[in-house]
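Worksheet: one structure, shown below.
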Amino acid sequence: MKKTLGAVAAAAAIALALSACGGSGPASAEAKGEINYWLWDANQLPAYQQCADDFTKANPDIKVKITQRGWDDYWTTLTNGFVAGTAPDVFTNHLSKYPEYAAKKQLLSLDDAVAKDGIKLDSYSKGLPELWVGQDGKRYGLPKDWDTVGLFYNKAMTDSAGLGAEQMANLDWNPKDGGSYEKAIAHLTVDKNGVRGDEAGFDKTNVAVYGLGLAGGGSGQGQTEWSFLTGTTGWTAKDKNPWGTKFNYDDPRFQDTISWWAGLTEKGYMPKLETTVGASLADNFGAGKAAINTTGDWLIGQYQSYKGVETAFAPTPKGPEGKRASMFNGLADSVWAGTKNPAASVKWVEYLGSTACQDVVAKKAVVFPAITSSSEIAAKAFADKGTDVSAFTTHVKDSTTFLFPIADKAAKVDGIMKPAMDAVLSGKKPASSLTEANDQVNALFK
């Protein structure tokens, strides 16, 4: 699971800073003993348990204990672990988190190990290894996977609406009238009297099935919510990525897109923001409450697990210039600087980043591993299960991806942008109010 992150509590951040340990590289020591490894995605746990078993078979002196925690609990417990000195030796890291951890000296640099052990960084998908080099020029993670965004839709609903797979795969969008994407969303919306959203008599206050599901406001990244739309307009979140210091939430292209998107709620085609609190976007889809969800390829398996629902996938809609867009995100494994067993921990991270482990993950058909050859194995494994994943791979093939925005002070940026975006989506403020939020964000870097 890779959703965007909210602000980390200020007190925890201060404590984190006070507890920071050095992170220059593994001490010269023999690789042995038990190491703790954390991840958050339950769907990937079996694959990584297999990797751990294989690793221990090859390295009998090292045992790997894996802990899986839910997304929110994961980061809170990890941050507290840094403060208390009880963090895991190795953990799955996220691009929105590692800059803060690196700045607080909580991560071990992997540069010496990469050089000494001859890790071939060019074996990973283009662009992924560079994401994990911090502002100090040091490497803090080895890539484990990548992801893109697509349309997950209920095939029975699109069929009954007369929307075929080819139509769904060739939707277009613009911020003025929403293009054929909005037309599809409107037609797939059905009120409790059976009237569609584009038909006379539609009751937007009494909706049975929304054309488009809603996870939330998307904070300042909108990875699965709106970034695939803003990405088609020429808009970028910052002056440069990574490590830009000037944000562009005041750009008319951004605000026009958000205004259109928020307008879907007003029209009754998308749920109200307050109804999403504590709700699961995926489970609502599984319960037949939405016809389309926009989300990431790491949830393919979950969406296919709902009984009585046939989920199909389509690429994101083409924008005003005729091209699609998708944020390109990737996770990595990092070593905690406070580990008592740096040698074994680094060895485990190298194994997690190797073909041996990533091929195991690939064959489970859950995610696309970072190593290019392993990613191809995953695509075949999905196909063997009868799943067409071209909606997600097309972005890589056609070079229509853009990188997850990596910034210093990401938690503070989110602390400003989350309530600002929520206010627009809930209709309390116009999209033009994001200019004021943008000024507050940019003031963080002055």
note = Residue by residue through region 87-98, the couplings from Karplus 6.51 cos²θ - 1.76 cosθ + 1.60 with θ = phi - 60°, in Hz, x for Gly and Pro, are 5, x, 4, 9, 8, 6, 10, 10, 4, 7, 10, 5
inquiry  = On a full-extension model of 0.36 nm per residue, what is the gain between Ala169 and Lys63, subtracting their alpha-carbon distance, rounded to one decimal in nm?
reply    = 33.5 nm
query = If the viscosity is 1.002 mPa s and the temperature 20 °C, what Stokes-Einstein diffusion coefficient in µm²/s follows for region 188-253 when Rh is the Kirkwood radius over Cα pairs?
reply = 148
message = I need the fraction of alpha carbon pairs in region 200-339 separated by more than 24 Å, rounded to a whole percent.
response = 42
task = Pop out the carbon and sulfur fraction of the accessible area of the chain as a percent, whole number, probe 1.4 Å.
result = 51
inquiry  = Net charge within 12 Å of Pro242 by Cβ-Cβ distance, Lys/Arg positive one each and Asp/Glu negative one each, not counting Pro242 itself?
reply    = -1
remark   = For Leu107, other-chain or 5+-apart residues with amide H closer than 5 Å (H placed, Pro excluded) are Ala337
key: Around Thr79: net Lys/Arg minus Asp/Glu count, Cβ-Cβ under 12 Å   = -1
inquiry  = Can you give me the solvent accessible area of Phe402 with a 1.4 Å probe, rounded to the nearest 10 Å²?
reply    = 60
request  = Please report the relative contact order for region 154-266, taking Cα pairs under 8 Å with a sequence separation of at least 6, and give it as a percent rounded to a whole number.
outcome  = 16
request  = May I ask for the angle, rounded to the nearest 10°, between helix 45-58 and the longest principal axis of the chain, with both axes built from Cα atoms and the value confined to 0 to 90°?
outcome  = 20
query = Given the rule -39500 (n - 2.57) for each run of at least 4 DSSP H residues, summed and divided by the residues of the chain, what is its mean residue ellipticity at 222 nm, to the nearest 500 deg cm²/dmol?
reply = -11000 deg cm²/dmol
query = Under a no-solvent Debye model with one identical scatterer per Cα of the chain, what's log10 I(q)/I(0) at q = 0.10, 0.11 Å⁻¹?
reply = -0.72, -0.86
ask   = In whole Å, how far is the Cα centre of region 199-260 from that of region 392-446?
value = 9
ask   = Just how far, in whole angstrom, is region 339-374 from region 308-336 if you go by their alpha carbon centroids?
value = 22
task = Taking amide H positions as placed in the peptide plane 1.01 Å from N, state which residues far from Gly33 in sequence (5 or more) or on other chains have amide H under 5 Å from it.
result = Ile62, Lys63
task = For helix 434-443, report the angle its Cα long axis makes with the longest principal axis of the Cα atoms of the chain; keep it between 0 and 90° and round to the nearest 10°.
result = 20
DSSP beta bridges in the chain [antiparallel fraction, %, rounded to 5] = 60
ask   = Taking R0 as 30 Å, what's the FRET efficiency between Lys120 and Val309 from their Cβ-Cβ distance, rounded to 0.05?
value = 0.10
inquiry  = Using each residue's phi in region 352-363, evaluate 6.51 cos²θ - 1.76 cosθ + 1.60 at θ = phi - 60° and report the 3J(HN,Hα) Karplus result to the nearest Hz, with x for Gly and Pro.
reply    = 4, x, 9, 4, 4, 7, 5, 5, 4, 4, 4, 5
request  = Would you mind telling me which residue in Pro143, Pro175, Pro419 has the biggest mean-square fluctuation in a Gaussian network model of the chain, where springs connect alpha carbons within a distance under 10 angstrom?
outcome  = Pro419
Taking region 56-154 and dividing mean pair separation by its residue count, relative contact order in percent (alpha carbons under 8 Å, at least six apart) = 20
note = The helix 179-188 Cα axis meets the longest alpha-carbon principal axis of the chain at an angle in degrees, between 0 and 90 and rounded to 10, of 80
key: Fluctuation leader among Gly178, Gly263, Gly137 - the chain, Gaussian network, Cα springs under 10 angstrom   = Gly137
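The values are calculated or read from the model by the stated rules, or taken from the named source; none is laboratory data. Because the structure is a prediction, the values reported are computed rather than measured. No Cβ is skipped: glycine too gets one built from the backbone with ideal geometry, and neighbour counts run over all protein chains shown. For the accessible areas, the whole protein counts, side chains as well, though only heavy atoms, and no ligand, DNA or RNA atoms are used. Shrake-Rupley method; radii C 1.70, N 1.55, O 1.52, S 1.80 Å.
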